[in-house]
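Please read the structure below before turning to the comments.
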Amino acid sequence: MRVLLCSGKGGVGKTTIAAATAVRLAELGYRTIVLSTDAAHSLADSFDISLTGHRQPTAPNLWAQETDISKTIETYWGIFRTGWQR
Ligand SMILES: Nc1ncnc2c1ncn2[C@@H]1O[C@H](COP(=O)(O)OP(=O)(O)O)[C@@H](O)[C@H]1O
Ligand SMILES: [Mg+2]
């Protein structure tokens with residue numbers, strides 16, 4: 001598995017680059033999930049579809065998701081705080 005992270009200040013093109021990269025990787029045959037962690041999501045706008053916090057099939061080999069960061073922290077913070085229990 002490989003993780004590509006697009007970071008930078010607001011408005012520099014992170015979402016656009018992430019969406020375009022994900023589409024290209026999916027076209028090349030890589031099973032790809034593109035997900036936004038920004039509280040002000042715009043990934044769905046890039047694809048002109050609706051997205052939720054759960055991954056959604058978007059094109060062949062491509063899934064997309066707009067993570068609800070508050071909900072994720074609420075759900076997993078305890079695990080991070082106390083360490084992974086196996
Ligand atoms: N290479 C580019 N050239 C011109 N405009 C761009 C380019 N990349 C993104 N944009 C536009 O800039 C704005 C911000 O892009 P976005 O991907 O939402 O940035 P970020 O996710 O970093 O906030 C959008 O309106 C987008 O269409
Ligand atoms: Mg963005």
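Ranked by Cβ crowding within 10 angstrom, fewest neighbours first, how are VAL3, VAL12, VAL23 ordered?
So the residues, fewest neighbours to most, are VAL3, VAL12, VAL23.
So for SER7, SER46, fewest C-beta neighbours within 10 Å to most, what's the order?
If I rank by nearby Cβ atoms, fewest first, I get SER7, SER46.
Amide H to amide H, which residues 5 or more places from TRP63 or on other chains are under 5 Å from it, using H placed in the peptide plane?
Result for TRP63 returns THR32, ILE33, VAL34, THR58.
Sort LEU43, LEU28 so the one with the fewest other Cβ atoms within 10 Å of its own Cβ comes first.
LEU28, LEU43
With angles folded into 0 to 90 degrees, how steeply does helix 14-27 sit against the dominant principal axis of the chain? Use alpha carbons for both and round to 10.
70 degrees
Pick out which of ALA59, ALA22, ALA40 has the largest mean-square fluctuation in a Gaussian network model of the chain, springs linking Cα atoms closer than 10 Å.
Its mean-square fluctuation being the largest, the pick is ALA40.
Residue-wise, which Karplus ³J(HN,Hα) couplings in Hz belong to the stretch 60-69, taking 6.51 cos²θ - 1.76 cosθ + 1.60, θ = phi - 60°, and x for glycine or proline?
Along the stretch 60-69, the couplings run x, 6, 10, 10, 9, 7, 10, 5, 8, 4 Hz.
I'd like the antiparallel share, as a percent to the nearest 5, of DSSP beta bridges with both residues in the chain.
Taking every DSSP beta bridge within the chain, about 40 percent pair in antiparallel fashion.
Can you give me the Rg/Rh ratio for the chain, using Cα atoms for both radii and the Kirkwood formula for Rh?
1.01
No value in this document is a laboratory result; all are computed from the given coordinates. Given the structure is predicted, the values throughout are model-derived calculations rather than measurements. Glycine also receives a Cβ, built like all others from the backbone with ideal geometry; neighbour counts cover every protein chain displayed.
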